[in-house]
Amino acid sequence: MTATLPPRGAERGPRRWPLLGNLPAFARDPLAFFESLRDEYGDWVPWALGPKRNVLVSRPEHAAELLGAVETTFAPQELGWAFRQLLGNGVVVATGEDWRRKRALVQPAVRPRQVRSYAATMVECADALAGAWAEGARIEVHREMAGLTQRIAVRTLFGGDAAGREAPISAAMAAAQRELGAEFRGLTLFLPAWVQTPGRRRMRAAVAVLDREIEHVIREHEEASAGGAGRDDLLGRLLAARDEHGGPLSRTELRDESITLYIGGHETTSTTLTWAWQLLSGAPGARARLDEELERVLGGRLPTYDDHARLTWTRQVVKESLRLYPPVWLISAVAGEGAVIGGRPVPPGTGVWTSPWSVHRDARWFPDPEAFRPERWDADAPHPVPEHAWFPFGGGPRACLGARFALVEAVLVLAVLAQRFHLDTGPAPVPVFPGLTLQPTCPVPATLRRAGP
Ligand code: HEM
C-alpha cells in the first residue's frame, strides 16, 4: 500500500477508456474500485467519470479538509433529477445562502434537547416490535428494521397527526426511495430532466401522494398551532422556527424539509441496524458483553434517553457497525477557485471524492480492518482511532444534521430488542450493495431466540 502522497505532477491513476473514463470499473463495483485505487496508486489518485476529472483522496486528514471546505472553496456535487423531484430544495439539495438559512432553521429541531423528546417514541416502537416477535420465528432482518425506522420516522416527524396517513406516506416514501437509489447508481443520473423513463413516472406518482398527504399533515399542524396547541414533534418545531429576520419556513419549504429528514434518517438507520444484527450474530463474545451491559444498566426495564450515555458497549457496537458498513459510503465535492487539499492546489471543476468505506477499511487506521471489534472503541484501547478516520456522518459545515438522532435511535432500538431476542442470521456473510446507502444485496433471514434469563 502506498502510504504518502506522490510528488506533484507524478500522481498515477488507472487507465481510462475513451469517453467513458473509468465509468465501467466504477459502475461494476464502486467499493472494490475505490479500494483498488487506494491500494495500487496511493492516497491521491486521478480518475475520470466520463469526461469529468476526479481525484480520490484516502487519508483521513484530506477527507476532513475536503469536508471542511465545502461551501467555501468546494461546492457540493449537483444532485440528479430524482433528488430534486423528491427533496425539492431542502437542506440536502440547497447551496450557498439558501442552504445556510435552511440549515439554521432545521438544526434546532434535532438538537440533543429535542432528540431527548423523541427517545420515548423510539423505545415505544421498538417495544411494540419485540412484542410482535416470537421464539423460533423466522424474520427478514432488513425488512423488520426498515419497517421499524419508518414508523419511528413518521411518528417523530408528524406525531399524532400522521395517524391513518402512516401507510400511504411510508409506501410512497419507500417507492420514491427505490427510484432515488436506481437513479443514483444508473445512467439516468446523466439524463436531462425532460427525458421520461418508467422510473421517473413512478417517482412522480410517489411524489404526488407525498405532496397530498404531507399537505394535510402540515395544515393540521398549522391549525393546532393557531389554536395555541403547537405540536411537540419535528414538523411542529420546523413550523415554529424563525430565521434571523423573523421569517418562517414557507409551506413548500416545510414539505421539502419534512421529506428531507425522513429520507435522510430512515434508510441510513435501518441499514445500520441490519448490519449490527448481522455482525453481532457472528460475534458471540461481543453479544455476551452486550447482554451483560443490558442486564447491568437496565435490569430488564425499558431504556430512556439518559441510558443512551450509560450503554457504552451498545454504542461501541453501533460505532463499529458504522465503521464496517457506513451507510453513506461516498462523499464528493467540486473544486472552485482557490481549492487546496494537503497543500496541493486542485484545478477548478475537479471532483474530489472520498469514501468512508475505504478509509474505514484501511489497515493503517484500523488494525485488522475487516474484523468486527467493538473493543477498538474502548477508552483504553491499545490503538486509538486516529482523528478523522471515522466519519460515517461526514464532517465540516454540511455534516449530518441527524447524527445524534441516529445514534440515540440505534442504541435504544438495539437495547430494547437485544434484551428480548437473539437474531441468528447464520454464518454466511451477506454481500453488500452500494446503492443510495450501503445495503444487503439479498434478504437477511434470521431465527429469533429468546434472550435473557
Ligand atoms: C446512521 C444514520 C445516518 C448516517 C450514516 C448519515 C450520514 C450522513 C452524511 C454522511 C451526511 C453528509 C453528506 C455529504 O456531506 O455529502 C448527512 C447529511 C445529512 N443528514 Fe444524515 N445520516 C444519518 C441519519 C440522519 C438522520 C436520522 C437525519 C434526520 C433526522 C439525517 C439528516 C441529514 C441531513 C438533513 C443532512 C444534510 C445536511 C446538510 O447538507 O447541511 N441524517 N448524513
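The values are calculated or read from the model by the stated rules, or taken from the named source; none is laboratory data. On a predicted model such as this, the values are computed, not experimentally measured, just so you know. Neighbour counts are summed over all protein chains in view; Cβ atoms, including those assigned to glycine, are modelled from backbone coordinates with ideal geometry.
Numbers for the structure displayed
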| item | result |
| --- | --- |
| Residue in segment 294-310 that is assigned to a strand (DSSP E or B), more than 16 Å from the ligand (Cβ to nearest atom) and without any contact (Cβ under 8 Å) to a residue 12 or more places away in the chain present | no |
| Residue check, residue 155 within 14 Å of residue 232 (Cα to Cα), within 15 Å of the ligand (Cβ to nearest atom), without any contact (Cβ under 8 Å) to a residue 40 or more places away in the chain and surrounded by fewer than 22 Cβ atoms within 10 Å (Cβ to Cβ) | no |
| Residues being within 25 Å of residue 249 (Cα to Cα) and not in a helix (DSSP H, G or I) - total across segment 188-227 | 1 |
| Segment 212-229 - residue that is over 17 Å from residue 164 (Cα atoms) and of a type in the set (A, V, I, L, M) and, of those, surrounded by the most Cβ atoms within 10 Å (Cβ to Cβ) | 224 |
| Boolean, residue 326 is touching a residue at least 60 places away in the same chain (Cβ under 8 Å), within 21 Å of residue 405 (Cβ to Cβ), more than 16 Å from the ligand (Cβ to nearest atom) and surrounded by 22 or more Cβ atoms within 10 Å (Cβ to Cβ) | no |
| Any chance residue 353 is closer than 13 Å to residue 59 by Cα and surrounded by 12 or more Cβ atoms within 10 Å (Cβ to Cβ) | yes |
| Residues being part of a helix (DSSP H, G or I), small (Gly, Ala, Ser) and free of Cβ contacts under 8 Å to residues at least 60 places away in the same chain - total across segment 246-268 | 0 |
| Residue in segment 401-422 that is at negative phi, assigned to a loop (DSSP other than H, G, I, E, B) and not acidic (Asp, Glu) present | yes |
| Scan of segment 270-293 for residues that are assigned to a helix (DSSP H, G or I) and within 16 Å of residue 444 (Cα to Cα), ordered by number | 270, 271, 272, 273, 274, 275, 276, 277, 278, 279, 280, 281 |
| Filtered residues of segment 388-398 (kept if more than 6 Å from the ligand (Cβ to nearest atom) and either modelled with pLDDT under 95 or under 12 Å from the mean Cα position of the chain (by Cα) (or both)) | 391 |
| Options 264, 336, 342, 236; residue that is out of contact with any Ser or Thr (no Cβ under 8 Å at 6 or more places or on another chain) and under 30 Å from residue 108 (Cβ atoms) | 264 |
| Residues located in segment 153-181, provided they are assigned to a helix (DSSP H, G or I) and of a type in the set (Lys, Arg) | 155, 178 |
| Some residue of segment 230-245 being crowded, with 22+ Cβ neighbours inside 10 Å, in contact with a Phe, Trp or Tyr (Cβ under 7 Å, 6 or more places away or on another chain) and not in a helix (DSSP H, G or I) | yes |
| Check on residue 151, in contact with a Cys (Cβ under 7 Å, 6 or more places away or on another chain) and at pLDDT below 95 | yes |
| Pick from segment 235-283, criterion more than 16 Å from the ligand (Cβ to nearest atom) and under 23 Å from residue 409 (Cα atoms), ranking: nearest to the chain's Cα centre (by Cα) | 280 |
| Residue match in segment 378-385 (condition: more than 7 Å from the ligand (Cβ to nearest atom), over 16 Å from the mean Cα position of the chain (by Cα), modelled with pLDDT of 95 or more and over 21 Å from residue 327 (Cα atoms)) | yes |
